[in-house]
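Read through the structure below, which is laid out as C-alpha cells, and then see the notes.
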Amino acid sequence: MAFVRAYLRASTKDQDASRARADLFGFVEERGLKIAATYTENESGASLKRPELFRLLADCQPGDVLLVEQVDRLSRLNAEDWERLKAEINSRKVKVVALDLPTSWMMATAGKDDIQSRMFDAINGMMLDMLAAIARKDYEDRRRRQAQGIAKVKAEGGYKGRPEDIERNTGILQMLKAGMSWSSIQKATGCSRSTLSRLAKRLTEAA
C-alpha cells in the first residue's frame with residue numbers, strides 16, 4: 001500500500017516551515033487519503049544538504065507519494081544537482097505531487113500499472129523539470145538583485161552589514177561563560193554555529 005509523505009521546507013530558521021501543513025492535509029483529505037508522515041526542515045532549496053528530504057526518500061517504498069506545497073519547496077537546485085535528486089527519486093519509484101502542479105494531482109491516487117497513469121507521469125516529469133528550472137532562475141535572480149543592491153549601497157558608503165543583536169549576544173556570552181554546551185545554547189537562542197564560534201572567539205580574546 002502506497003503512503004503519502006509530506007515534505008515541508010523553509011529557507012531560514014526565521015521562516016515557518018510548517019506553514020503549508022494545513023493545505024497539504026486538506027489536499028489529501030479531499031481525495032480520501034491520509035498523510036503517513038511529515039518531514040520538516042529549515043534548509044536552502046538550492047542545496048542537496050537536506051537531511052529530512054533524504055530521510056523521507058529512505059523511508060519510501062515504490063509507489064509512495066512525496067507531497068509538497070510547491071515545486072520550489074523541493075528544488076531550487078542547479079541543473080546538475082536537480083538531476084541527482086531526480087535520479088534518487090526515480091530509483092525509489094517515488095511519485096512527486098505538488099499543489100502548484102495540477103498535472104501531478106492524479107499521481108496521488110493512480111495505480112502503478114495504469115497506462116493513463118504512465119502517460120501522465122511522463123507529462124508530469126516535463127512540467128516538474130520546467131518548474132524546477134523556473135524556481136532556480138528565481139533564486140538566482142533574487143541573489144543577483146540582492147548582490148547588486150548591496151554593491152550599490154557599499155559604493156555610496158552606507159552598507160554596514162546586518163546589525164548585531166546585542167541583547168541576544170550578551171545572553172549567549174553569559175551562557176558560554178557559564179559553561180553551557182553549544183547545542184544547548186543553539187536550542188535556547190536559535191543562533192547559528194558560526195555566530196557561536198564568533199562569540200566564543202570574542203570571549204577568548206577578552207580573557
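Bear in mind that the values in this text are calculations on the coordinates, not laboratory data. Predicted model only: the values in this text are computed from it and were never measured. In this analysis, Cβ positions are derived from the backbone assuming ideal geometry, glycine residues included, and neighbour counts consider all displayed protein chains.
Scanning region 5-20 for residues that are surrounded by fewer than 19 Cβ atoms within 10 Å (Cβ to Cβ) and within 19 Å of ASP64 (Cβ to Cβ) yields nothing. Within region 136-157, no residue that is at positive phi sits with its Cβ atom under 6 Å from a residue that is assigned to a helix (DSSP H, G or I) and surrounded by 11 or more Cβ atoms within 10 Å (Cβ to Cβ) at 6+ positions apart or across chains.
When ARG76, ARG50 are screened for being surrounded by 16 or more Cβ atoms within 10 Å (Cβ to Cβ) and in contact with a Gly (Cβ under 6 Å, 6 or more places away or on another chain), only ARG76 passes. Taking ILE123, is it farther than 23 Å from GLY26 by Cα, without any contact (Cβ under 8 Å) to a residue 12 or more places away in the chain and β-branched (Val, Ile, Thr)? No; evaluated as a whole, the condition is false for this residue.
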